[in-house]
Structure formats: structure tokens, C-alpha cells
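Okay, structure first, notes after.
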Amino acid sequence: MAAEHEQAAREILAAIGGAENVVSAAHCATRLRLVIADDSKVNMDAVEDCTLAKGNFQASGQLQVIYGTGTVNKVFEEFCKQGNISVGSTDDAKAAAAAKGNPFQRAIKALGDVFVPIIPAIVASGLLMGLTEGLNNAVGGAMSTNNWWILIHAFSNASFVFLQILIGFSAARVFGGNEFLGGVIGMIMNHTGLINAWSLPADRSMYFVVGSEKAADFINAHNAATFIEPSVVDASGATADAIIAAGGAPQVSLFGLLNVTLQGYQGHVIPVVVAVFLMCVIEKWLHAHVPDMLDLFVTPLCTVLVTGLATMIVIGPIFSLFEEYVMEFFKILLGIPFGIGGALAGAIYPVTVVLGVHHMFNALEAGLVANGADTFNPIISAANVAQGAACFAVFVKTASAKKKGLALPSGISSLLGITEPAIYGVNLPAMKPFIAAICGAAAGGAIAAFTGLYSIAYGITGLFGYLITADPIKYTIVIAVAFAVSFAVTMVLYTDDEKTKAAAAREAAKAAAPATPAEVAADYAPMTVVAPMTGEAIDMTTVPDPVFASLAMGNGVAIEPTEGGIYAPVTGTISMLAGTGHAVGLMADDGTEILIHAGIDTVELNGEPFDVKVAAMDQVKAGQLLIEADLDAIKAAGKPATTMVIVTNTDDYKSVEQNYGPCKAGQKVITLSK
């Protein structure tokens, strides 16, 4: 397998135009994530044919190549080694990818980054709301006097009532400001001293300036009509609370020129995001210009004051109106009769995923949920299920084992709401399955809109969507129609192209070729790993380090050394060498992967106790000196000298046998059997 990992790394480097075309490289549990400098230099056909690759897709500015759990780590290591590429984190890759996007793409990504972290809170409230309301309806409203039900039902809308605070905190984190100040801005927009946005009168004649004669007259008229005493209120009594109690909307007059309504922004999400963005800009500017001795007091005070005024005077009114127009557009779209609007929305959604702008719907759905009914979520579910159905059809029709191996798990993933592997790995490259999935999404969206189906939360789709749907029967019909249409259309349209047919033929020929006796014997011959140091071999699960003791990196032995020489435990290649000299990785000629980690937490010693005798990619013989370790210096620094000898590809072997006890360098300590 080691040779395959090397080959896989070589091929992917060549396919993407070489190491010089890589801006950033990282990996997650299953995929290699690459940010490419010049996309025109990438040979996507070659990427598709790379050894061990199970598929690929481009998303959010990244080229992602699917290798699978376990394999991706080894390919990534070879990739970095062969290309002399610095190791990055997944977040590094995402940041580099985001920097490549245009302003619109960056704005959409930021919007997604704000709303995705608060999805669990929305889901929790939505599920509680659905469960409590459903239970109460099932027993004819009898639960409304049950003490437990009353208590739990009070929890159910908490995240919706205080949604602006959650958004404020999350947005400040995304935009680089103080999260707690962001929460304060959300509190200002949700303050109980303001009239609730859902209670605002539609009639503008019901808006009154606090302390005005007009407001006093309105309150007097209301009191007289409802027989409230005293019936005469002067202007000084026309407070904001009195205006709200009388059914009006209070305003304050600034400089006698501008009337600002004292309203909250419940149910609105975009105004909070914009307000916190401004807050972060102001806060950063103040941090840069206010003297350090005054920064703690001046910066938060001025930030909240200026942002609060800007929010109530400009941002809130303008962007809440804009948000209402956007929602009205989608409501109009979904309201087009006979389900046509739902069909259009369903067909549009997969395209927005491909363009990487589908995160904008998080804000739309948050607003819809805050207002009681997310009519868009069932349509998204239909689109996701349709992608999975297209994958299943490809699985049935393709002759390629490689494509089958990608299509089946991708299809299952889509049914659970994760469609990127299906779209980018299977459906979009072949195009016809993607078109079929759009047809299925449109059909499901049409049924959802026609029946008025909605969800009470957002963020989960597919089969998990049953947890938040308002009507499980209608929901079943919607996803069944989406699945059936997508599957049927894919079965009609899709056929393997010549490239896939040729690959399938190669796969079949390779599978049919019988292994020679020598190959069989080599595959099952025991592998011996000798001690790299003189000392005592002990059970690695007993070492005082949870990572090594848990065998998370692989099985092996630990050695309490009595001499500092570290020798090669196998014949092979130096595959990894830590810059601090405390760790070295070897790839044995038969594919066994060995990691030697000298001491515990010795990375903190910056290489001082280690004299390295070899370099990465050197060919070494078993017993060859690799590193001289100063055991006294390690112990003087307060670090254990216990050295781990780890078989990092333990899963490739049926058994791992250790020889514990006193040992000399070069003496057998591990036997591996397949």
C-alpha cells in the first residue's frame, strides 16, 4: 500500500500542475483539500484517474479529492513530502479559498459562517416546539395545563425570541470583533423596552412621537373608548409605555427633523448582521487609535453607542425593509399557483450549491422560521434527496467499480442532507444525473408548494427532516416524488462515457488477473520490526501520554532507553523527519509504516538533545544509525525519554505481536502478520 500512496501523491501533483500551483493544502477525514493558484493548469481528467482517488469536486474555491478515511492521511503526507509543501490546517485551506473568491462570494460565505454555528440552537428549539405542539394537538389541547409540558414548552421558542442575540454573537466572531459586544447589539435590537416587531401597527397614522400633544390625544381617545381613568392625559404623560399600551408605536424626534421608531427587530436577521459588521469596523478602528490606558473604557462605550444609534436610525429601518422585500419575493415565488413557484425554487437550489452561494438561504430560512413557517426547507430536502436518487441510479447503471464505490455512499449521504460528494463527485461531472436531480428537485418542490408544506426549524434536511416537518405525510410524498423522478430520469439519460467504460474494463482485467504464488507468499509473509534503541521494551498502553497510550496512532511498543543511539528498525525510506529531530518516520520496503517518537513532549526542546544523521527520502538499512539522542539532556529538561515505536498502518495487519523485556538495538520487538 505504501507504494500506492507514493504513486497517488505523484499523480495528483502532476494532475494539478505541480507543487507551484498549490496555494494551500490540507485534509479532512476523507478528502484532500487544495486551493489552486491557476485552475487552467489543472487536468481534471487526470485528477479523475488518479490512483486511490474515489472522486473529486470543486467547492468554495477548493479542489477536493476524495480518498477515504485513513488513506487520505497517507496520501497527504506523501503529497506534502514530494511537493515540499507546507502542511496546513483545514481552516487554512478554507481561508485561502475564501480569499480567492469575488466580493459577492466572500459576502455569501461570511453570511453562511454567521448562521451555520447557530443551527443547533435553532434545531433544538424547533424540535422542542414540534414535539410539544404535536403532543398537545394529539390530546386535544389537554397538555396546556400539565406542569411539565408548560415548563418544557417555555424552552421551545427561546432561540427564536432571542435570535438577534445569537446572531450578534456569531457575527462578531466572524467579523473579528468582541463577541460579547456583538451580543449587546443583538440585545439592543431585541430589547423589551421597545415595541415588539410583530406588534407594530401597519397603519402609519398609529405612530406617535413620545411626549407630543398628538400622542396625548391618541391616548386620551383610547382611554375614553375603553373607560380607563383618568381620561385626560397631558403631553408629559405620553410616554413610550403609554403609547404602546394604547396600541400605538412610539417614536422619538431627533433635532426635530427625524422621527425614529422605538421598535425591536424580532423576526429580522439581516439588520443584525449588518449592524454587527459596522460595530466590528468601529471597534477595530478605536482599538488602533485610542491610547492603551483608555482603550478598555473608551472603545466599548463608543462602539456600542455609535453602533446602537446607527442601528436604530439607519440600519434597522433600511435593512429590515430590504429583508421584507426579499422574503416577499420568495413568498411570491412560492405562491405562484399549481406549485410552479416551488418547482422553480427547487430547480434553482442545486445551481446555487454549485455556485457556492446557497448559504444565503440560511438567512432567509432563519427569518421564515422566526415568523413561524419555513416553506423553503422542504424544497431543499427535495433537492437533496433528488441528488441521492441520481447517485443510486448511477450506481445501478455504471460498469465502473470505482464509480459504484463513490456513488453508493454519496447517495446515502445525500439522503441525510449532505450533497457535495454527490454533486461534485458523481452527478455534476456526468452532467445528465445532475440534470435529472434538478428535475426531481423541481417535482418535489412543486408538491411542497402546492400542499403548503413547511418546517418549524431549519438546518436539517432529507430523512432527518422528519424531525422538523409540520406534516410527515406530506413530507413523505414530497421526498418520494423527488426521489422517483430523479432516479427515473437518470436511468433514462445516463450511460457510461467512453472514458468510464475504458476504466471499467481496466478494473475488470486487473481483478481477473490471478496473483502469482510469489505475490501471495509476499502478501502473507510475517514482517519483523527490530528495536531502534537499547533498553527495555514495554507495553505502549502504559506510557504517560494519552495519545500514544490509546494506540490512536497505531500499535507497537515503547522502549525505556539506556543508550541514546536510535537505529533504523526496518530497511526502507525515511518518509518523515521532524525539524526538531524528535521523531522520524520510515516506509519499509514491504509497505510497513513505522514512526519512532523519541521521548514525550520532546518537541518543546527545539531539537537541542538530538543529533540527526539522515535526511528525508534517504534509503536506510535496518540497524543504520538515524539519530543520536542525549538522554541526560532530555531527562534534565524534565521530559520522559520513553521512545515509542509505532506501526502507523496497523490496520493493514491481522496481528501485532510484541516482545517485551530487556532488548538491544537490532533485536526483534514486533512481529506483524497479515
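The values are calculated or read from the model by the stated rules, or taken from the named source; none is laboratory data. Quick caveat, the model's predicted, so the values are computed rather than measured. Ideal geometry is used to build each Cβ from the backbone, glycine not excepted, and the neighbour counts take in all protein chains shown.
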How many residues are assigned to a strand (DSSP E or B) and either modelled with pLDDT of 80 or more or farther than 19 Å from Gly425 by Cβ (or both) if we restrict to the stretch 1-35?
6
Counting only helices (runs of 4 or more DSSP H) entirely within the stretch 230-314, those with at least 3 residues that are closer than 24 Å to Arg204 by Cα and without any contact (Cβ under 8 Å) to a residue 40 or more places away in the chain are 240-245
The residue from Gly581, Gly591, Gly564 that alone is under 40 Å from the mean Cα position of the chain (by Cα) and either over 21 Å from Glu4 (Cα atoms) or basic (Lys, Arg) (or both) is Gly581
Among the acidic types (Asp, Glu), in contact (Cβ under 8 Å) with a residue 24 or more places away in the chain and either touching a Phe, Trp or Tyr at 6+ places or on another chain (Cβ under 8 Å) or crowded, with 23+ Cβ neighbours inside 10 Å (or both): does that describe Asp545?
no
Inspect all residues belonging to the stretch 584-594 and state whether any of them is among the charged types (D, E, K, R), part of a strand (DSSP E or B) and not assigned by TED's automatic domain parsing to the domain that holds Cys80.
yes
Would you be able to say whether some residue in the stretch 474-487 is hydrophobic (A, V, I, L, M, F, W, C) and without any contact (Cβ under 8 Å) to a residue 12 or more places away in the chain?
yes
For the stretch 404-421, pairs from a residue that is surrounded by fewer than 17 Cβ atoms within 10 Å (Cβ to Cβ) to a residue that is modelled with pLDDT under 80, with Cβ under 7 Å and 6 or more apart or across chains, are Gly405/Lys54
Taking the stretch 629-651 and the residues there that are at pLDDT below 85 and crowded, with 16+ Cβ neighbours inside 10 Å, the one that is nearest to Ala578 (Cα to Cα) would be Thr648
Looking only at the stretch 478-514, filter to residues that are of a type in the set (Asp, Glu) and at pLDDT below 65; which one of those is farthest from Ala401 (Cα to Cα)?
Glu498
Among Gly182, Gly141, Gly168, Gly177, which is surrounded by 22 or more Cβ atoms within 10 Å (Cβ to Cβ) and farther than 26 Å from Thr261 by Cβ?
Gly177
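Just for strands (runs of 3 or more DSSP E) wholly inside the stretch 612-674: which have at least 1 residues that are of a type in the set (S, T, N, Q)? Talk me through it step by step, then tell me what you get.
On the way: elements: 625-629, 643-647, 655-658, 661-663, 668-673.
Strands (runs of 3 or more DSSP E) meeting the threshold: 643-647, 655-658, 668-673.
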Top-ranked residue in the stretch 245-272 [being of a type in the set (Val, Ile, Thr) and at pLDDT 90 or above; ranked as farthest from Glu323 (Cα to Cα)]:
Val252
